[in-house]
Amino acid sequence: MNDFIRVACPKELHFLQPVVVEDLERVGNLADGGYVMTLPVITNIDSLLSLGLGENWSFESTFSQINRSARIEIYDNTVSLSFFVRKSLNGVVNLLLFRESGASVKARFSRLSNYFSFWYRNPRNKHHQVRISRETFDQALSRIPTDSVVGLKIDIEGSEWEILEQIVKHQSRFGFILIEIHDFDLHVQQLKNFLDQLSGRLVLSHLHANNFEGLGKNGFPRVFEITLLRDPAIRTPREYRKELPLDGMDTPNAKNRPDFVISFN
């Protein structure tokens, strides 16, 4: 689907206007699960702290190919090895009952195999079956050496609002922060305060609206991903994006729905 929904960003939301950063690239797959950032930032990371796994770890997989020395610690209490085993066996039952295709069942087993290889067999990667809260976030960060540069990725379906204060408190530790924002129209001031407190250290470098959800009551997409980078290649004098998404960089999260085109005027 090539349709799109034009969104003129209200002036009071222009704090979401990203700066122009050179050499942006997409890390992870082209749809949901991929993020836009710069590769040099990744190579400077010692540990990746990833919050939220689900059934998509394309970002973590690509990250590990770019930076082969960093450890990856991921937290998600909703999935496990047994979860993927059950899904694979359920696929076999569905196949025998003619409810599912062979290709679909094969994809289930492939995901199980990939999960086992990436999160169990690779000693650099660890999946913790823990729900993230303020307390468990601090605990997770405390397990990483204090002199390590940490990359932080957050996709925890609305629970991100619980830990923003903790992120601000530990901001000096992060080389980049990636967050999928949910229910933005209910938390506008909270996000503005968060970005204001980070602006001296981490720069809003990209934003992509997620078209799985619609517009909020403020006329802006309710769900979107943001990229915050430390010391990115910013043009001097500083320039700001006039329109999003970026051609060749961003793709719709849902292929069968209109994408958002956001203008900052």
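A short reminder: the numbers here are calculations on the coordinates, not readings from a lab. Here the structure is a predicted model, which is why all the values come from computation and not from measurement. Cβ placement follows ideal geometry from the backbone for every residue including glycine, while neighbour counts extend to all protein chains displayed.
Exposure proxy ranking for Leu186, Leu204, Leu48, based on other Cβ atoms within 10 angstrom of each Cβ and starting from the fewest, stands as Leu186, Leu204, Leu48.
One chain, two ends: Val188 and Lys217. Fully extended at 0.36 nm per residue, the span grows by 9.3 nm beyond their Cα-Cα distance. Remark on Ile144: its backbone amide H falls under 5 Å from none of the residues 5 or more positions apart or on other chains, H modelled at 1.01 Å from N. Residue order for Asp76, Asp196, fewest other beta carbons within 10 angstrom first, comes to Asp196, Asp76. The dipole here belongs to the chain: it is taken about the Cα centre, uses +1 on the Cβ of Lys and Arg and -1 on the Cβ of Asp and Glu, and is about 640 debye. For the stretch 221-252, backbone nitrogen atoms closer than 14 Å to the point 7 Å from Val19 Cα along Cα-to-C-beta are found at 227-241. Restricting the GluC sites (Glu not before Pro) of the stretch 186-265 to loop positions (DSSP other than H, G, I, E, B) with no more than 16 neighbouring Cβ atoms within 10 Å leaves Glu239. Counting only trypsin sites (Lys or Arg not before Pro) that DSSP places in a loop and that have at most 16 other Cβ atoms within 10 Å, the longest clean stretch of the chain runs over 1-67. Among the listed pairs Lys87/Lys255; Lys11/Lys192; Lys192/Lys217; Lys11/Lys242; Lys169/Lys192; Lys153/Lys192, those with a Cα-Cα distance over 21 Å are Lys87/Lys255.
A simple count of charges around Leu202, restricted to other residues whose Cβ falls under 12 Å of its Cβ and scoring Lys, Arg +1 and Asp, Glu -1, yields +1.
The Cβ shell under 12 Å around Val85 holds other residues with a net charge of +4, Lys and Arg each +1, Asp and Glu each -1.
Counting only DSSP H runs of at least 4 residues, each contributing -39500 (n - 2.57), and dividing by the residue count of the chain, the helix-based mean residue ellipticity at 222 nm comes to -8000 deg cm²/dmol. The stretch between Leu30 and Arg121 holds 30.1 nm of extra length on full extension. This uses 0.36 nm per residue minus the Cα-Cα distance. The residue list Ser64, Leu195, Gly28 was ranked by how far each Cα lies along the charge dipole of the chain toward its positive end, using unit charges on Cβ atoms, and Ser64 comes out on top.
For the stretch 70-203, the dipole from Cβ point charges (+1 on Lys and Arg, -1 on Asp and Glu) about the Cα centre works out to 820 debye, to the nearest 20.
Between Arg238 and Ser80, the FRET efficiency estimated from the beta carbon spacing at R0 = 51 angstrom works out to 0.70. Backbone amide hydrogens, once placed in the peptide plane, bring Ile154 within less than 5 Å of Leu51, Leu178, Ile179, Glu180, excluding anything fewer than 5 places away on its chain. Relative to the dominant Cα principal axis of the chain, helix 188-198 is inclined by about 80°.
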